[in-house]
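The values are calculated or read from the model by the stated rules, or taken from the named source; none is laboratory data. Note that the structure is a prediction, hence the values are computed from the model and not measured. Virtual Cβ from ideal backbone geometry, glycine too; neighbours counted across all protein chains shown. Calculation scope for accessible area: heavy atoms of the full protein, side chains included, ligands and nucleic acids excluded. Shrake-Rupley method; radii C 1.70, N 1.55, O 1.52, S 1.80 Å.
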Amino acid sequence: MRLFPGNRVVPPPLVHRALEGIFVSVIGAAAAVGAAAPSVRVDQVRVIEHSLFARLHGRAIATTRRRRIYLRGSAVEFFENPSLMLHEYCHVLLQWETGSLTTLRYLRECLRRGYWNNRFEVQAREFACRHESRLRELLRELVAAGPGFKMGG
Ligand SMILES: [Zn+2]
């Protein structure tokens, strides 16, 4: 998507670690019961801030594609928002990467049920809700673990 300007940003190490803590256990648990489990890692997901591509998607604050999160605003804001990160990484790691989400299916769901009730959005919202307190806890633990990890950036 180099046609669309935007800056690629790497998550701060602390945020990356905390997200991995969540997704490694979720993906591991899915694999253990034989569900579709992506092999992709958190660091293989590209985050693009101030993205024109995201701005083309109406008022959405972010939009995703396979291994990509496009942000309308800044990455700093994104990485300070555990709920939003879980939501968008859920779309990428648990939906795009498993093949359950495709552009066509997403559009079909939106036509049938609208944005709010489409199953991909329902799953991402539920996922964020279920894991937000754990992600906050992991972030606090890593901050407390001291030097070497810094928020921001
Ligand atoms: Zn969403």
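Would you calculate, for the chain, the mean residue ellipticity at 222 nm contributed by helices, counting each DSSP H stretch of 4 or more residues as -39,500 (n - 2.57) and dividing by all residues, to the nearest 500?
-16000 deg cm²/dmol
So, counting K/R as plus one and D/E as minus one, what does the shell of residues with Cβ under 13 Å around R125 add up to?
That works out to -2.
Of the trypsin sites (Lys or Arg not before Pro) in region 1-35, which ones lie in a loop per DSSP and count no more than 12 other C-beta atoms within 10 Å? Present the calculation step by step, with values, prior to reporting the outcome.
Numbers: sites: R2, R8, R17; in loops: R2.
Those that pass, being in a loop and sparsely packed, are R2.
Using the C-alpha atoms of region 1-61, what convex hull volume per residue, in cubic angstrom, is computed?
About 116 Å³ per residue, rounded to a whole number.
With the crude spin-label approximation of a point 7 Å out along Cα→Cβ, what separation in nm comes out for A32 versus L56?
The two pseudo-label positions are separated by 4.2 nm.
State the three equivalent ellipsoid semi-axes of the chain, derived from the C-alpha gyration tensor as the square roots of 5 times its eigenvalues, in descending order and whole Å.
Details: eigenvalues 117, 81, 37 Å².
Listed largest to smallest, the semi-axes of the chain are 24, 20, 14 Å.
Per residue, how much accessible area does the chain have with a 1.4 Å probe, in Å²?
That works out to 57 Å² per residue.
Computing the accessible area with a 1.4 Å probe over protein heavy atoms, can you report the carbon and sulfur percentage for region 1-96? Each step should come with its number before you reach the end.
Working: 2530 of 4750 Å².
Looking at region 1-96 in its full context, I get 53 percent from C and S.
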